[in-house]
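Values quoted throughout were computed directly from the atomic coordinates according to the rules given, and no laboratory measurement underlies them. These figures come from a predicted structure and were not determined experimentally. Every residue, glycine among them, receives a Cβ derived from its backbone with ideal geometry; neighbour counts consider all protein chains shown.
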């Protein structure tokens, strides 16, 4: 039987009463093809001219041509005040792994309300419409105001995603830090690892195949406390190989013909500079199964990034099981050191320093209550997209 937090139910009744007593004509509807131009005008009016989703190709990729979609329905909820769009909420239906099982879930993105209509409670009404459709709903990157609202609606706040940074060129990193010299932690020598009788082989690929799905399912099998978007080949190829704007570099690691790791990153040129930054958005590895796996994925990625002229590479990931591998390969997790480097580069923006993550479930879950290893990266939601 679906479970709903009492705080969520109370909060929803409050917002429903607020909207019903207001002197307005409100309605909630799914976006259709005819409303897309008006929606894009809403984006420009509420956010800014030239907003990324005013690009129709990106908009369709994000909200219509998604894994498991028939390519016809738009996954966007709209709130109307009369005939005008007053708020919107996009969502991406996906398979979510939770408690070792695959459930129907979604990421919510682009939660926007017209500032002149915020008192009507349209944002929570739209969120309620989406969460009632899915077992699990996830949100990456909500700001403080959104986190407060969602917490009162029964969402779980998992805090901020750890950020890992590898500096490949100190002078360029110092420029990004706006400092004459970058003070960066010295790295400890990498611990000795057993040599595998069958060395790992890392190759660059154009697309992922069914082995990627098997890798994720193996990592999150029954008894595992890893939760997150199911990294099926269908999802990975939609998210990275078929992205309409970015060109990701995809890698697979094999050992005895078995896929043991995969990764994806892209190279970003800092606006107004010639400095290149690597954004690692996907890293799955079975190295924690034991040192005999002899994983080389991270070392290979950094070698590839150096060849591409990358000065700094970062990785946001909620699953801390990879901390040892990341540290062994030169990634630093010290918040004080990382704070010197901006999070956004189009243009450089030092006002934002973290990415938060929240979840909502319609059923009681041992994983949710027991703080699972949430494998959440910038590849989830809409955190890695054109600005």
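Per-structure values
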read-out: Value of [θ]222 nm, deg cm²/dmol, for the chain, DSSP H segments ≥ 4, -39500 (n - 2.57) each, nearest 500; value: -7000 deg cm²/dmol
read-out: Mean Cβ neighbour count within 10 Å, used as a protection proxy, ranking 350-362, 60-72 highest first; value: 350-362, 60-72
read-out: Contact order relative to length of segment 6-160, as percent, for alpha carbon pairs under 8 angstrom and 6 or more apart; value: 25
read-out: Choice from 141, 330, 82 showing the highest fluctuation, given a GNM over the chain with Cα pairs closer than 10 Å; value: 82
read-out: Among [x] 19.9; [y] 31.7; [z] 23.5, the entry that matches mean projected area of the Cα convex hull in nm² as calculated here; value: [x]
read-out: Relative contact order of the chain, defined on C-alpha pairs under 8 angstrom at six or more residues apart (%); value: 22
read-out: On Cα atoms only, tilt of 297-307 relative to the major axis of the chain in degrees; value: 90
read-out: Using alpha-carbon coordinates, inclination of helix 210-219 to the longest axis of the chain, degrees; value: 90
read-out: Difference of contour (0.36 nm per residue) and Cα-Cα distance, residue 65 to residue 353; value: 100.5 nm
read-out: Sorted by Cβ neighbour density within 10 Å, fewest at the top, the residues 254, 283; value: 254, 283
read-out: Helix 122-131 axis, angle to the chain major axis (alpha carbon atoms, nearest 10°); value: 60
